[in-house]
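Every number here is computed from the coordinates shown, using simple stated rules; none is lab data. Here the structure is a predicted model, which means the values were calculated and not measured. Every residue, glycine as well, gets a Cβ built from its backbone with ideal geometry; the counts of neighbours run over all protein chains shown.
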Amino acid sequence: MPDRSLKGILELFERQAEDELNLLSDTGPEFFTTPHLLRLRGQWEVKNTLFQFFQQITMLVVAVSPIWIVLALLLLWLKWLILALAIALLFPLSFVFYFLGLWFMQKVFRGRGHLEVVGRVIGEELERRRKR
């Protein structure tokens, strides 16, 4: 059961405010100074690079998963039953890893769309301030 006391609510707000990029998307860029926005753009670039890296890894795992079945069938044909079974078990584990990766990326990065919106908001605000 969630903690509904004042202390629990304040701790929840503190945890949510720790991620400044999420705070930026929730409140808007007008509450941040220009140097702070420049620092946030650097954080966004790091977070976006990490997201792309994790996305490539999860896609690679799921793309390679059919190879486990082909390899298991080949080993089964060669009568290496135990090794064929072990390799065949990698097929469903690949999908488990893929879905855990998707869950992790959604939990940590809030998804690709969120990152794109935050990057666009930071860029537009910095451009608007530069023109002033």
Under a straight-distance cross-link criterion of Cα-Cα below 20 Å, which lysines are reachable from residue 47, leaving out those fewer than 8 residues away in the same chain? 107
Given axes a ≥ b ≥ c from the Cα gyration tensor, I'd like to know whether the chain is rounded (a/c under 1.5), prolate (a/b larger than b/c) or oblate. oblate
Here the membrane-span-like helices of the chain, with no claim about any membrane, defined by DSSP H, Cα axial extent at least 15 Å and mean Kyte-Doolittle at least -1.0, are 6-17, 34-77, 81-109, 111-131
So if each residue of separation counts as 0.36 nm, and I subtract the Cα-Cα distance between residue 5 and residue 80, what length gain in nm does that give? 20.9 nm
Based on the Cβ-Cβ distance from residue 45 to residue 104, what FRET efficiency comes out when R0 is 22 Å, to the nearest 0.05? 0.65
When the helices in the chain are scored as -39500 (n - 2.57) per DSSP H run of 4 or longer and the sum is shared across all residues, what 222 nm value do you end up with, to the nearest 500 deg cm²/dmol? -30500 deg cm²/dmol
Among 60, 88, 23, the residue whose Cα sits farthest towards the positive end of the charge dipole of the chain, when +1 is placed on the Cβ of each Lys and Arg and -1 on the Cβ of each Asp and Glu, is 60
